[in-house]
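**Q** Sharing a structure, written as structure tokens. Questions coming.
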Amino acid sequence: MPKRAHLIAGILAPLCIATFFVSTIAVELFGSHEAVAQLKSLIVTPGLWILVPAVMAAGGSGMFLGKSRSGRLVAAKKKRMPFIAANGLLVLVPCALVLNRWAAAGSFDTAFYVVQAVELLAGAINLTLMGRNVRDSLRMAGRLKVTPPAINKAP
């Protein structure tokens, strides 16, 4: 059961962040201020109500599954998870809440776009770290082979 929970949460969490990321860029480029406000509202509810439990479930089930394992890949995953969680709780969630409030008020000023940039950067960092965790999980399961780097020999 913990393996299945970890798999589902481990897919759902980065999928949520990727969806928020891509839809934010698309609506900022092609949408109206009303569309931005609607998206920010949807990211907060139901978005965060899906994302936060998914990250918690992925982290908790991962710690449970990893407590009896050791090795370089497990250590790397355990090292990444606190940063993913802190980045999410201390940067992504507050940014989403503030941006939602400002967008609902029609306050699309410099501060809005600075916070938007911080949110996109933090989201990209979390996506990268979660992607590395997925890669390491696949390597641990033997579903992804490690290819040695090419060696360049001078003539």
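**Q** Given that just one value was derived from the coordinates, which of [x] 47; [y] 50; [z] 42 is percent of Cα pairs over 22 Å apart?
**A** [x]
**Q** If you don't mind, there's one more thing I want to ask. Over the stretch 2-140, what is the mean sequence separation of C-alpha contacts under 8 Å (at least six apart), divided by residue count, expressed as relative contact order in percent?
**A** 35
**Q** Please state the charge dipole magnitude for the chain, taken about the Cα centre, from unit charges on C-beta atoms (+1 on K and R, -1 on D and E), reported in debye and rounded to the nearest 20.
**A** I would put it at about 1320 debye.
**Q** Could I ask something else about it? Could you grab the relative contact order for the stretch 73-154? Cα pairs under 8 Å, six or more apart, rounded to a whole percent.
**A** Relative contact order comes out at 39 percent.
**Q** Excluding same-chain pairs closer than 8 in sequence, count the lysine pairs in the chain whose Cα atoms lie under 30 Å apart.
**A** Final tally of qualifying lysine pairs is 13.
**Q** Another question, then. Summing Lys, Arg as +1 and Asp, Glu as -1, what charge do residues with Cβ under 12 Å from the Cβ of ASN126 carry, ASN126 excluded?
**A** Taking every Cβ under 12 Å from that of ASN126, the sum is +1.
**Q** Next up: State the extension gain, in nm to one decimal, for the chain segment bounded by LEU138 and MET1, taking 0.36 nm per residue of separation less the distance between their alpha-carbons.
**A** 47.5 nm
**Q** Show me the ranking of peptides 25-34, 94-103, 68-77, 131-140 by mean Cβ neighbours inside 10 Å, starting with the highest.
**A** Ranked by mean Cβ neighbours within 10 Å, highest first: 94-103, 131-140, 68-77, 25-34.
**Q** With a length cut of 18 Å (Cα positions projected on each helix's long axis) and a Kyte-Doolittle mean of at least 1.0, go through the chain and give me the DSSP H helices that pass.
**A** 2-30, 49-66
**Q** Helix-only estimate, please: 222 nm mean residue ellipticity of the chain, summing -39500 (n - 2.57) across DSSP H runs of length 4 or more and dividing by its residues, to the nearest 500.
**A** Mean residue ellipticity, 222 nm, calculated: -25500 deg cm²/dmol.
**Q** In a shell of Cβ-Cβ distance under 12 Å around MET81, excluding MET81 itself, what net charge do Lys and Arg (+1) and Asp and Glu (-1) give?
**A** Spelling it out: positives minus negatives among the neighbours equals +4.
**Q** Suppose each label sits 7 Å from its Cα in the direction of the beta carbon; what would the LEU97-GLN38 distance come out to in nanometres?
**A** 2.6
**Q** Right, next: Full extension from LYS79 to SER107: what is 0.36 nm times the residue separation minus their Cα-Cα distance, to one decimal in nm?
**A** 6.3 nm
**Q** Summing +1 for each Lys or Arg and -1 for each Asp or Glu, what net charge is found among the other residues whose Cβ lies under 13 Å from the Cβ of PHE20?
**A** -1
Just so you know, all these numbers are worked out from the coordinates, no wet-lab data involved. Note that the coordinates shown come from a computational prediction; the quantities given were computed from them, not determined experimentally. Because the Cβ atoms are built from the backbone with ideal geometry, glycine has one as well, and the counts that use them run over all protein chains shown.
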